[in-house]
Amino acid sequence: MSLRSPADSIPVSSAPNLALLDVIQKHLVDRVGPALDSALADLDDYLFDRTQNGEEQSMLALREMRRARGEIVQKFRQALLDRFRQLRERQPIGPQPVSGLSLLSDQALEQQLAIEQLAASVLRTHAPAFEVVSKRLAVVAGRKELPERENPLGPAFLAEALGKAMGQLVMDDALRIVVFKYFERELAPALSEVYERCNALMVTAGVLPELRATARVQPVSAGRMRQAAPAESAVPPAMQPAAMAAPAAAEAAPAMQISPADQALFATLLGQLQVWRAAMGMAGHAPGSAAAAGPTLPTSDLMSILSLMQHDASTTFTPSASGEQLSLAAQLRQQMAQSARKLGVPGDNLNLDGLDSDAVDLVALLFDVLLDGPQYDNRIRQKIGRMLVPYVKVAVKDRRMFLYKEHPARRLLNTVAEACEGNRGEAPQERELLNQVDRIIDRLVAEFNEDVAIFETLEQELRAYMAQHRKRFELAEKRAAEAQRGRERLEQARASVQADLEWHRGNRDLPPVLDEFISKHAAHHLVQMLLRDGKGSPRYDSAMRAVDDLLAAFDRARERKPLDPARPLPEAELLAMLASAGCTGDAGEAALDALSDALARLAAGEPALDSDPRMPSQVAVLEPPAPPEPILEVVGGTAGMDYDAAMLERIRKLQVGSWIQLQAGDGHFAPAKVSWISPISSRLLLVNRRGIRVLVASVEELAVMAKLGKVIVREAATAFEDAMHQVADRLQSVAAKP
C-alpha cells in the first residue's frame, strides 16, 4: 500500500504524543477485547451444541476452553497494553518472526497460516482505513513507520496476539483454526469502528489531516472463493466470518462517489462529538441524562425500538428553536427509553454501542439545526420532524448517508427542504406542494422497513411533481432576468447619452425651447440609436452632429448673427428626432418651426419664450415593464457601508444558481436564488422559488444586510450539507466553552 504523500514527507515528532496514544489504546481495548470475548462465547455455544450429539472430544474441548477462556482474554489484553507501552517508551521494534516455515511445527505452521488468512481477510474490507490510520499512528508514536506485525491496530498483530494468548492450551489444531475464524467474524466490524474513531481523533488533533488512502477494498473473485472453499468447508456456516461476504456485497452495491469534503467533515464531526460529550459530561449520552449502566444494547434491539417509535402516532418531537425545549437528541433518548420499556428493555437510560450512539446523536443534531432555521414556520417544522426516526434508522444501518451526496435518504431530505423552505402556503400551487410533501412523509413513515430504496422512490416522485411547477417558475424567472437586463441597458444608455450631451452642450444657457428639445427629444433619439446600433455607429454619430449644428446655430443667434448658410439646420435629422419621440407629420413640422423661431428671436435681440405650444409636451418613451413590488427594498447608498470583510468575500463567490436566505418585511426568511449577475453594474438579481424578482443589490449591499441579520448565506449548496456544517460549528462552540 502507498500514500499520495511520499514517505519522507511524513513529519516525525521527537517524542510520542502520550495523550493521543492513551485515547487510541482505550478505543482499541474497549472494542477488540469484547470482540474476542464474544468470539469465545460463540465458540462455547458451538462446542456445547456438539456435546449434545455425544461427542466426547467436544466435551473435553469445551471443558478446556471454559477453563482457559478468562486467561486467553487477559493475555490478549495484556499484549495490547504492552505494545502501547513500548510505543510510549519508544522501545526499539523487536525482531521480525522467522520466515523459514521448515523450522515450524505442524501446529505452529497451521496457526501461522490462520493468522495470515485472518489479516488478509480483514484488510480486504478495511485496507483504505488501515492505510491512513497506520501512517497517522506512526506520527503519533514518533516513528517513521510501523511494520504491520508491530502495529497494535493491525489485524496481523491482533491475530498473532491471540495465537500467543492461546499458548500451550491443549486443543485440537482444527479447533484452533475455528477460534481464529470466530475472532475474524467479530474483529472485522470492531476494527471498522476503531479505524473510523481513531482516524477522526487524529485528524481533529491535526495529525496529517490531508492524508488520503490509495488502497481500495479488494473484491473476492469467484475463482479465489472456489479455491478457498475446501479449506473453509470444515467450519460450520454459523461460524463463517461476515467479512468474507462483505467484499462481494460492496461489489454488488451501486457505485456512489464520495466527496473528500464530506469525508473530512464527517471525520471532524465524529472527533468533535467525542470532545463535545466530554465537555458536557455526557459520556456519549444526551444532555441532562445520567450515565448509562448495564450491558450495551444490541443494534437489532435498537432497531426494534426505533421501529416501534416510527409507527407510534404519539411519538412527536419539538425543535429547540425557541431555546425552551430540550434538544432533539435529548428528546429522542427519552422517547427511545419509553419505547424500550414497552418492549421489556429495563432502565431509564439506554447504553448504546459507540457507532449506534454516534448515529443517533448526529441525526438528532442535524435535524435540530435544520429545523432551527428561520426559513420554516412551526407547521413545517412538525412535518419534517416526523422524518427524524426513519433517518435515525438509516444512519444506524447505513452510515454512508453522511458521506455520499447522492445517497437516497440525503437526496429526499434535500428535496423536502427545497419544497418547504419559505413556503407558507399562500398561493394555491404552494398549498398543493405542501400537501404532496405530507403524502410523501406519510408514506415514508408507514412503508420504510430498513430498505433505503423507498427513499429513492419517494424522492423521484416529489422531484417529478415539483418539475411540473418548475417549468412555469423558470419562465417567470427568465422574464424577470430579461426585464432587469433591459432595464440596466436602458439605464446605462441614458447615462452615456446624458454624459455626451453635457459634454457637447458645455456651459451654454439654452432657451427653454432648445433645452427641452435637446434634453428630451434628442436624448431619447440618441438612446434608441445607442441601444440599436451601439455607440459610435453612423446613425448615432449623425444624430450627435445634428445636435452640434443646432448648438452652433444657437451660438450665432446669441451673437445676433444670421444662420450660417454653410451650416444650415439639419432639418431631416431634427425631424427624425421628433418622430422617434412620437411627434410626426404636421406636428413635427410645427415643432421644427418652433425651433427656428426661437433662434430667430435670439438673433433679433428679442427675449426667448418660456414655452411654445408647438413643441410636444410629452415624449412617447417606451419603457420596460415595471417590476412587481419587491419584498425587500434595495439598500440605498454606498457611502459609509458597514459590513464584514469575510462575509463580503463569501458573497462575491456567489454564482448564478446559488441560494441564500432573505428576510422579508414580515420578518420571515425565504430562499432567494441568484438568477442573474449584471455585466454592467455587477448587481445580483434575486428571485424566489416562483421565479419572481425580490431584490436587486450589489455584493456590498448584501454584505451590509448580512451584518444586519437580514441575509443568511449558506455554508453549502444543499440543506443536508449546510446542516452538517452547522452541527460542526455548534459542537465546536459548545466544546470551546470553559
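The values are calculated or read from the model by the stated rules, or taken from the named source; none is laboratory data. Every value quoted in this text rests on a predicted model; they were computed, and no experiment measured them. As a convention, Cβ positions derive from the backbone with ideal geometry for all residues, glycine included, and neighbour counts pool all protein chains shown.
Some notes on this structure:
- Among the residues making up the stretch 689-710, those that are surrounded by fewer than 23 Cβ atoms within 10 Å (Cβ to Cβ) and not aliphatic (A, V, I, L, M) are ARG690, GLY691, SER698, GLU700, GLU701, LYS707, GLY709, LYS710.
- Selection within the stretch 517-545 - crowded, with 21+ Cβ neighbours inside 10 Å and in contact with a Pro (Cβ under 9 Å, 6 or more places away or on another chain): HIS521
- Qualifying positions in the stretch 720-738 - assigned to a helix (DSSP H, G or I) and at pLDDT below 80: GLN732, SER733, VAL734, ALA735, ALA736
- Residue in the stretch 1-31 that is modelled with the lowest pLDDT, counting only those that are in a helix (DSSP H, G or I) and of a type in the set (D, E, K, R): ASP8
- Selection from the stretch 479-499 of residues that are more than 13 Å from SER678 (Cβ to Cβ) and surrounded by fewer than 17 Cβ atoms within 10 Å (Cβ to Cβ): ARG479, ARG494, ALA495, SER496, GLN498, ALA499
- Scanning the stretch 721-733 finds no residues that are over 30 Å from ASP358 (Cβ atoms) and among the acidic types (Asp, Glu).
Residue-by-condition table, conditions (1) closer than 16 Å to LEU113 by Cβ; (2) out of contact with any helix residue (DSSP H, G or I) (no Cβ under 8 Å at 6 or more places or on another chain); (3) of a type in the set (Ser, Thr, Tyr); (4) buried (at least 24 other Cβ atoms within 10 Å of the Cβ):
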{"site": "PRO128", "(1), (2), (3), (4)": "no, yes, no, no"}
{"site": "GLU131", "(1), (2), (3), (4)": "no, yes, no, no"}
{"site": "LYS135", "(1), (2), (3), (4)": "no, yes, no, no"}
{"site": "GLU145", "(1), (2), (3), (4)": "no, no, no, no"}
{"site": "MET166", "(1), (2), (3), (4)": "yes, no, no, no"}
{"site": "ALA174", "(1), (2), (3), (4)": "yes, yes, no, no"}
{"site": "PHE183", "(1), (2), (3), (4)": "yes, no, no, yes"}
{"site": "LEU191", "(1), (2), (3), (4)": "no, no, no, yes"}
{"site": "ALA200", "(1), (2), (3), (4)": "no, no, no, no"}
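- For the stretch 674-688, the tally of residues that are of a type in the set (D, E, K, R) and surrounded by fewer than 19 Cβ atoms within 10 Å (Cβ to Cβ) stands at 0.
- Any hit, the stretch 504-523, residues being within 30 Å of ARG683 (Cα to Cα), in contact with a Phe, Trp or Tyr (Cβ under 8 Å, 6 or more places away or on another chain) and either touching a residue at least 12 places away in the same chain (Cβ under 8 Å) or part of a helix (DSSP H, G or I) (or both): no
- Some residue of the stretch 345-358 being assigned by TED's automatic domain parsing to the domain that holds GLU447, within 20 Å of the chain's Cα centre (by Cα) and touching a residue at least 12 places away in the same chain (Cβ under 8 Å): yes
- If you go through the stretch 151-192 and keep only what is of a type outside the set (A, V, I, L, M, F, W, C) and under 28 Å from THR299 (Cα atoms), you end up with PRO152, GLY154, PRO155, LYS181, TYR182, GLU184, ARG185, GLU186, PRO189, SER192.
- Residue within the stretch 471-489 that is free of Cβ contacts under 8 Å to residues at least 24 places away in the same chain and not in a helix (DSSP H, G or I) present: no
Every residue, every condition in (1) over 58 Å from the mean Cα position of the chain (by Cα); (2) in a helix (DSSP H, G or I); (3) closer than 20 Å to GLU502 by Cα, yes or no:
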residue: ARG532; (1), (2), (3): no, yes, no
residue: PRO562; (1), (2), (3): yes, no, no
residue: LEU569; (1), (2), (3): yes, no, no
residue: ALA576; (1), (2), (3): yes, yes, no
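- Cβ-Cβ under 7 Å pairs, at least 6 apart or on other chains, the stretch 437-462 side assigned by TED's automatic domain parsing to the domain that holds ARG381, far side outside any helix (DSSP H, G or I): ILE441/ARG386; ILE441/MET387; LEU444/MET387; VAL445/ARG386; VAL452/ASP398; ILE454/PHE448
- Residue match in the stretch 353-367 (condition: of a type in the set (Val, Ile, Thr), closer than 26 Å to LEU434 by Cα and at pLDDT 80 or above): yes
- Test for LEU444: is it aliphatic (A, V, I, L, M) and either at pLDDT below 90 or outside any helix (DSSP H, G or I) (or both): no
Table: residues versus (1) at pLDDT below 85; (2) among the charged types (D, E, K, R); (3) under 30 Å from TYR376 (Cα atoms).
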position: ASN435; (1), (2), (3): no, no, yes
position: ASP438; (1), (2), (3): no, yes, yes
position: ASN449; (1), (2), (3): no, no, yes
position: MET466; (1), (2), (3): yes, no, yes
position: LYS471; (1), (2), (3): yes, yes, yes
position: ALA481; (1), (2), (3): yes, no, yes
position: LEU490; (1), (2), (3): no, no, no
position: GLU516; (1), (2), (3): no, yes, no
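- Per this entry, ASP49 is not counted among residues that are at pLDDT 85 or above and over 42 Å from the mean Cα position of the chain (by Cα).
- Verdict on ARG379 being farther than 20 Å from SER327 by Cβ, surrounded by fewer than 18 Cβ atoms within 10 Å (Cβ to Cβ) and touching a His at 6+ places or on another chain (Cβ under 8 Å): no
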